[in-house]
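Read through the structure below, which is laid out as structure tokens, and then see the notes.
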Amino acid sequence: MTVTVPQTAQHTAQHTTQQTEAQTPAPALREARVPEGGLYEGVRELRRLPEGWQERPYDRFELVPQASTVGAEIRGLDLSRPLDPALREELNRALLEWKVLFFRAQHLTSAQQSGFARNWGELETNPLLARGSSADVVRFDKSAGATPTFENVWHADVTFRERPALGAVLQLREVPPFGGDTMWADMAAAYDNLSPEVKDRIDGATAVHDFIPGFARFYGPERLAPYQDTFPPVEHPVVRTHPETGRRLLFVNTSFTTRITGLAREESDQLLRHLVQQAHVPEYQVRFRWQPGDIAFWDNRATQHYAVNDYGSHRRVAERVAIAGDRPY
Ligand SMILES: O=C(O)CCC(=O)C(=O)O
Ligand SMILES: [Fe+2]
């Protein structure tokens, strides 16, 4: 079976024909075409709220949108203090409605950062990443010559696990003088805007995820081999349903998704390439410029993220805790 992905340009060419007087034939244009197969350049449907949800105010904090469907800054909270149940619920609603929340200048200790994240569940440990002051804190310390990690690649975290993370709380401890932003992409918007043909094609499909390709970008086989039994390949639906909002989310990524089950290699590669490239569409994205002590809290079920390595030999130190998630369906 052949996988056809939507083509660009050709079907947009007609709109350049001007409305002219009734009988005048349209002037002939010379042949001019661009290569097929890129991302469609056109109107996108940017729906932020899940089906049936109404816009409601927030009582406990100010929410400042940073993009049309993804990313909002929360003002007026001190995350070092425990959350009461009503505040936790309101923050959870904000997370579901905006997918990534930013909190400026929190300067949390690792214990406070973990404590905040624990309001959403058990914390996850990752034996493959450098740890901070406790086992559930991952520390990315980037200075000249440091081993690259998950930078310059769109991904959702740990989709190679049977139960990928629900979300993560990231804090920047040291920020380079320029660059080092993080970007997030809304995978509900990415799904919504797929062509009907591609949606049909992936409806009910599953894909294989494996930790090896993501980590092999920066670790050798001797570092990875011991984990092969711990992390066998897993299958997840290509389109997962958000367990709290019911929204459909595109759930394949460049770091860990190796193939679509049941397709020949070439077809799988072609379709996967098209799907993972959806995260590149600017209208689905938000980009965050860090200051020290800022926190980003993202829904890892509904987004992908990309740490931009454009800060040369400057130092950037980030610490992250991840919240254990459910099995995607
Ligand atoms: O350092 C960042 O901005 C994000 C790195 C990352 O991929 C993560 O924390 O999961
Ligand atoms: Fe990540």
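The values are calculated or read from the model by the stated rules, or taken from the named source; none is laboratory data. This one's a predicted model, so the numbers in the text were calculated from it and none came from an experiment. All Cβ positions, glycine included, derive from the backbone under ideal geometry; neighbour counts span all protein chains shown.
Matching residues to (1) over 19 Å from the mean Cα position of the chain (by Cα); (2) of a type outside the set (Gly, Ala, Ser):
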{"position": "Glu45", "(1), (2)": "no, yes"}
{"position": "Val70", "(1), (2)": "no, yes"}
{"position": "Arg75", "(1), (2)": "yes, yes"}
{"position": "Ser80", "(1), (2)": "yes, no"}
{"position": "Leu87", "(1), (2)": "yes, yes"}
{"position": "Glu90", "(1), (2)": "yes, yes"}
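When Asn253 is tested against (1) assigned to a loop (DSSP other than H, G, I, E, B); (2) within 13 Å of ligand 2 (Cβ to nearest atom); (3) more than 22 Å from Asp200 (Cα to Cα), exactly one condition is not met: (3). Does Arg247 satisfy being in contact with a helix residue (DSSP H, G or I) (Cβ under 6 Å, 6 or more places away or on another chain) and closer than 29 Å to Glu97 by Cα? Criteria met by Arg247. Cβ-Cβ contacts under 6 Å between residues 6 or more apart (or on different chains), taken from a first residue in the stretch 115-136 that is in a strand (DSSP E or B) to a second residue that is charged (D, E, K, R), are listed as Leu123/Asp136. Which count do you get for residues in the stretch 285-296 that are over 12 Å from the mean Cα position of the chain (by Cα) and away from ligand 2 (no atom under 13 Å from the Cβ)? Of the residues in that region, 8 qualify. Among the residues of the stretch 138-180, those identified as more than 27 Å from Arg240 (Cβ to Cβ) and part of a loop (DSSP other than H, G, I, E, B) are Ser143, Ala144, Gly145, Ala146, Thr147, Pro148, Val175, Pro176, Pro177, Phe178, Gly179, Gly180. Summed over the stretch 167-187, the residues that are away from ligand 1 (no atom under 11 Å from the Cβ), of a type in the set (A, V, I, L, M, F, W, C) and surrounded by 23 or more Cβ atoms within 10 Å (Cβ to Cβ) give a count of 2.
For the stretch 273-292, state whether one or more residues are at pLDDT 95 or above, under 16 Å from Ala205 (Cα atoms) and charged (D, E, K, R). Within the stretch 273-292, one or more residues are at pLDDT 95 or above, under 16 Å from Ala205 (Cα atoms) and charged (D, E, K, R).
Taking residues in the stretch 153-171 that are more than 19 Å from Glu235 (Cβ to Cβ), and partners anywhere that are within 8 Å of ligand 1 (Cβ to nearest atom) and in a loop (DSSP other than H, G, I, E, B), the pairs with Cβ atoms closer than 8 Å and at least 6 places apart or on different chains are Ala168/Asp157. Where strands (runs of 3 or more DSSP E) fall wholly inside the stretch 58-112, the ranges with 3 or more residues that are closer than 30 Å to Ser133 by Cα are 72-75, 100-103. Within the stretch 245-261, the only residue that satisfies the criterion of being touching a residue at least 60 places away in the same chain (Cβ under 8 Å) and surrounded by fewer than 16 Cβ atoms within 10 Å (Cβ to Cβ) is Gly246.
Each row is one residue, and each column tells you yes or no for (1) within 12 Å of ligand 1 (Cβ to nearest atom); (2) among the β-branched types (Val, Ile, Thr).
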{"site": "Thr241", "(1), (2)": "no, yes"}
{"site": "Glu244", "(1), (2)": "no, no"}
{"site": "Leu275", "(1), (2)": "no, no"}
{"site": "Ala296", "(1), (2)": "yes, no"}
{"site": "Gln304", "(1), (2)": "yes, no"}
{"site": "Gly312", "(1), (2)": "no, no"}
{"site": "Val321", "(1), (2)": "yes, yes"}
{"site": "Tyr329", "(1), (2)": "no, no"}
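Report yes if Phe211 is of a type in the set (Phe, Trp, Tyr) and touching a Gly at 6+ places or on another chain (Cβ under 8 Å), otherwise no. So Phe211 does not fit the description; no. When Arg316 is tested against (1) within 16 Å of ligand 2 (Cβ to nearest atom); (2) out of contact with any Gly (no Cβ under 8 Å at 6 or more places or on another chain), just one condition goes unmet, and that condition is (2). Determine if the stretch 226-234 includes at least one residue that is within 19 Å of Glu151 (Cα to Cα), surrounded by fewer than 22 Cβ atoms within 10 Å (Cβ to Cβ) and out of contact with any Asp or Glu (no Cβ under 7 Å at 6 or more places or on another chain). For the stretch 226-234, residues within 19 Å of Glu151 (Cα to Cα), surrounded by fewer than 22 Cβ atoms within 10 Å (Cβ to Cβ) and out of contact with any Asp or Glu (no Cβ under 7 Å at 6 or more places or on another chain): absent.
Scanning the stretch 146-164 for residues that are charged (D, E, K, R) and either near ligand 1 (Cβ under 10 Å from one of its atoms) or within 11 Å of Ala322 (Cβ to Cβ) (or both) yields Glu151, Asp157, Arg161.
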